[in-house]
Structures are given as C-alpha cells and as structure tokens.
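The values are calculated or read from the model by the stated rules, or taken from the named source; none is laboratory data. The structure presented is a predicted model; accordingly, all values stated were derived computationally and were not measured. Note that we place each Cβ from the backbone using ideal geometry, even for glycine, and neighbour counts take in every protein chain shown.
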Amino acid sequence: MNSPRTPQVYVPLPSAKTPTASIIDNGTFLGLNLDDLRPFRIDVGDLVGSRTLASGAYGQVSLGSFRGSTVAIKSSLRKKSTLADVQCFIDEIKLTARFDSPYIIKLIGVAWTNPSDLQCVLEYMDMGDLRSHLSCTTPETYSWADKTQCILSIVEGLVYLHSLDIIHRDMKSKNVLLDSTKGTKLSDFGVSREDTQETMTVGVGTYRWMAPEILREGHYTVAADIYSFGMILSEFDTHMIPYSDMKNPKTGKALVDTALIGLVLNGEIRPTISDECPAWIRDMAIACVAMDPAARPTAYELSSLVRKNTLVAV
C-alpha cells in the first residue's frame, strides 16, 4: 500500500513586529471576528475554575468543571494580550475544533464575555504530560510494553494531523498528554498551521526538539515533526530531557544552548540511546533524526512499523 502523500509547502508565522492592539471601551479588540467560534460557545456561568495546572508567558491551563465534568480550561493572560496574541488563540481554538481523533485532545467548547478573556475548554487528561510522567518514573517502573502503546498513540496522532496537511510544529514530551482510561493524546496547537503557503520561520517550538533545518533555514515540512518524535523516543529510553547528559569536555558542565545548537546544525550530536533500548526503537529513533528531512520515515510508515512490533514481545 502506498503511504499518503507528504505535504511539501509552508505557511508564514505571524511577524514578531505585529503591532500591539488597544482595547476599546466595551472590552473588545479591534479587527477580531469570533463568528467561527460561536458554534462552540458555552455559557461562562457553566464553568467553575479550580487550581492552576500549568502557566507560561502567554497563558495558563486550569483545572475546572463544566456541567459536572472535570475539564481543563486554557486562557490567555488578559493584561498582556495583544491583538496578535488573541488572534493566535482564536486560531488555535478553531484548529482544535476541526479535529476528530482519539489521539488528539478534544475541544469541549469556548467561553467568553469579550475577546480578551477567551477560555478554551478541553477534555481533562488525569495523568498530566509525558515529560512529567517520565520525570517521576524510571526505566524499571515504566515498562516498554506500556511505553510502546503510548508511542503508537503519538504516531497515530501525527498520521491524523499530517493527513490534514497540518504540521504540529511544537512536538515535545510536554505536549503529549496521558490519561488512565483515554490513553495518550497530542495537545497544544498554538503554533500549528496548515501546510499551504511558503515559508515557516524559526523561533517556534523548543530548540532541544527542533530539527536542524529549522535552526539553519527557518523553514520546514512535516518531516520536522518526525525529527521531534525521534527526540521524544530518546526520552522514552532515558527519561531525560534531550541532551541533558551532554557535557563540555573542558569544564565538565552542561553544554550551553548555543553550543548544543551548533552541534545539532553540524550533525555532530545525536540524542542519547541506551544499550537497554529495544533495537527496533533505537533504529526508529535514529531514522527519525536523520539530518536529511527526506530520509526520515513518514508518520504512516512509523505507524506500520510500531504496529508490527507491538505484535511481538518488546
């Protein structure tokens, strides 16, 4: 069977020079259109917020409830929001609303009283993110049998996204969510885009998971997601953040970011894979982080490989 085509065009990111918007008297932003969100609108009064689950420079995710069900509520930081910030959040919600896959986080609805206080209501995943789970487990307590099921779900999520010509663009363990009954799902589509225009610029995502073509040229295809997946595979093996074990040979200290980026660009460094890692997973990880994007397997090919190997003992 032939694998689905790999999209090969690019889309521009919002310019960092986008001007800051002003809030007018009624609390709305100029130039924003929420019509596409109205089919998913829910009553703010039906939401009850609780503790903060995660917080960053641009927003936070809180635990909450919606009509008796536990949910995750994602919101932007109102006081710091610009027109570009709010528009990006609207675009993220619209994109998430399109998805219908058991391997992608589900949008429950969106609530607002004005555009500056949008609340994106998502299904809650009770085991948190993969990065945190790997940090509190060991290779002895988190079996490869369980890891393989998680790996398969990640791959199927990528198959789904890439079939829609969508590049995640921020694939990392922090954006993989786990649940005791619902399994594994991909999340955080704030920088995802349809693969339809010309150029993607560097600066999106986290550099330790970034493909060298992003760091070097600032544009990329779905193959960049595959590279990032290969980095996640190394985390499954070591339980460590990529390259955290790399030391400066002269000082013995951890390599600084600029040094790591230079080594990645020159193809002089690869993520650590231990001798205890199953051979097929090691080979898969190595293929995924190939310097040449065209040499990396597609998500469809990875799905076939993982499914084949889940039929035998790891």
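Can you spot a residue in the stretch 129-137 that is outside the structural domain of residue 220 (by the TED database) and assigned to a loop (DSSP other than H, G, I, E, B)?
Checking the stretch 129-137: not a single residue is outside the structural domain of residue 220 (by the TED database) and assigned to a loop (DSSP other than H, G, I, E, B).
Quick one: would you say residue 141 is modelled with pLDDT of 95 or more and outside any helix (DSSP H, G or I)? Spell out the reasoning first.
Working: modelled with pLDDT of 95 or more: yes; outside any helix (DSSP H, G or I): yes.
It is true that residue 141 is modelled with pLDDT of 95 or more and outside any helix (DSSP H, G or I).
Can you tell me which of 293, 278 is within 12 Å of residue 227 (Cβ to Cβ) and assigned by the TED database to the domain that holds residue 171? Show your work before the answer.
Values: 278 fails: within 12 Å of residue 227 (Cβ to Cβ).
Residue meeting the stated conditions: 293.
Among all residue pairs at least 6 apart or on different chains, which show Cβ distances below 9 Å where the first residue, located in the stretch 142-153, is in contact (Cβ under 8 Å) with a residue 40 or more places away in the chain and more than 18 Å from residue 240 (Cβ to Cβ) and the second is part of a helix (DSSP H, G or I) and among the polar types (S, T, N, Q)?
That search, which allows pairs on different chains as well, returns 148/309; 152/303.
What about residue 299, is it in contact with a His (Cβ under 6 Å, 6 or more places away or on another chain), assigned by the TED database to the domain that holds residue 149 and buried (at least 21 other Cβ atoms within 10 Å of the Cβ)?
Numbers: in contact with a His (Cβ under 6 Å, 6 or more places away or on another chain): yes; assigned by the TED database to the domain that holds residue 149: yes; buried (at least 21 other Cβ atoms within 10 Å of the Cβ): yes.
Yes; evaluated as a whole, the condition is true for this residue.
Kindly indicate whether any position in the stretch 158-168 is out of contact with any Ser or Thr (no Cβ under 6 Å at 6 or more places or on another chain), assigned to a loop (DSSP other than H, G, I, E, B) and at negative phi.
So far as the stretch 158-168 goes, yes, one or more of its residues are out of contact with any Ser or Thr (no Cβ under 6 Å at 6 or more places or on another chain), assigned to a loop (DSSP other than H, G, I, E, B) and at negative phi.
Tell me, please, whether a residue that is out of contact with any Asp or Glu (no Cβ under 7 Å at 6 or more places or on another chain), closer than 20 Å to residue 33 by Cβ and in contact (Cβ under 8 Å) with a residue 12 or more places away in the chain can be found in the stretch 98-107.
Initially, the stretch 98-107 is screened for residues out of contact with any Asp or Glu (no Cβ under 7 Å at 6 or more places or on another chain), giving 98-102, 104, 107.
Then drop every residue that is not closer than 20 Å to residue 33 by Cβ, which leaves 98, 107.
Applying the additional criterion that residues be in contact (Cβ under 8 Å) with a residue 12 or more places away in the chain yields 98, 107.
Checking the stretch 98-107: at least one residue is out of contact with any Asp or Glu (no Cβ under 7 Å at 6 or more places or on another chain), closer than 20 Å to residue 33 by Cβ and in contact (Cβ under 8 Å) with a residue 12 or more places away in the chain.
Within the stretch 115-131, track down each residue that is within 16 Å of residue 179 (Cα to Cα) and surrounded by 15 or more Cβ atoms within 10 Å (Cβ to Cβ). Please lay out each step first, then the result.
Just the residues of the stretch 115-131 that are within 16 Å of residue 179 (Cα to Cα), to begin with: 122-131.
If the condition is that a residue be within 16 Å of residue 179 (Cα to Cα) and surrounded by 15 or more Cβ atoms within 10 Å (Cβ to Cβ), then 122, 123, 124, 125, 127, 128, 129, 130, 131 are the ones that fit.
Is it true that some residue in the stretch 280-290 is closer than 15 Å to residue 207 by Cα and either touching a residue at least 40 places away in the same chain (Cβ under 8 Å) or hydroxyl-bearing (Ser, Thr, Tyr) (or both)? Talk me through it step by step, then tell me what you get.
As a first pass, look at the stretch 280-290 and keep what is closer than 15 Å to residue 207 by Cα: 289.
Still in the list and also either touching a residue at least 40 places away in the same chain (Cβ under 8 Å) or hydroxyl-bearing (Ser, Thr, Tyr) (or both): 289.
The answer is yes; a qualifying residue exists.
Just give me the residues in the stretch 264-280 being under 27 Å from residue 147 (Cβ atoms), among the aliphatic types (A, V, I, L, M) and surrounded by 14 or more Cβ atoms within 10 Å (Cβ to Cβ), in sequence order.
Once the filter is applied, which keeps residues that are under 27 Å from residue 147 (Cβ atoms), among the aliphatic types (A, V, I, L, M) and surrounded by 14 or more Cβ atoms within 10 Å (Cβ to Cβ), the stretch 264-280 yields 264, 269, 273.
Tell me the residue from 152, 177, 118 that is in the same structural domain as residue 237 (by the TED database), touching a helix residue (DSSP H, G or I) at 6+ places or on another chain (Cβ under 7 Å), farther than 21 Å from residue 221 by Cα and not small (Gly, Ala, Ser), please. Spell out the reasoning first.
Working: 177 fails: touching a helix residue (DSSP H, G or I) at 6+ places or on another chain (Cβ under 7 Å); 118 fails: in the same structural domain as residue 237 (by the TED database).
Among 152, 177, 118, only 152 is in the same structural domain as residue 237 (by the TED database), touching a helix residue (DSSP H, G or I) at 6+ places or on another chain (Cβ under 7 Å), farther than 21 Å from residue 221 by Cα and not small (Gly, Ala, Ser).
Of all the residues that make up the stretch 176-220, how many are at pLDDT 90 or above, outside any strand (DSSP E or B) and touching an Asp or Glu at 6+ places or on another chain (Cβ under 7 Å)?
Going through the stretch 176-220 one residue at a time, the tally reaches 1.
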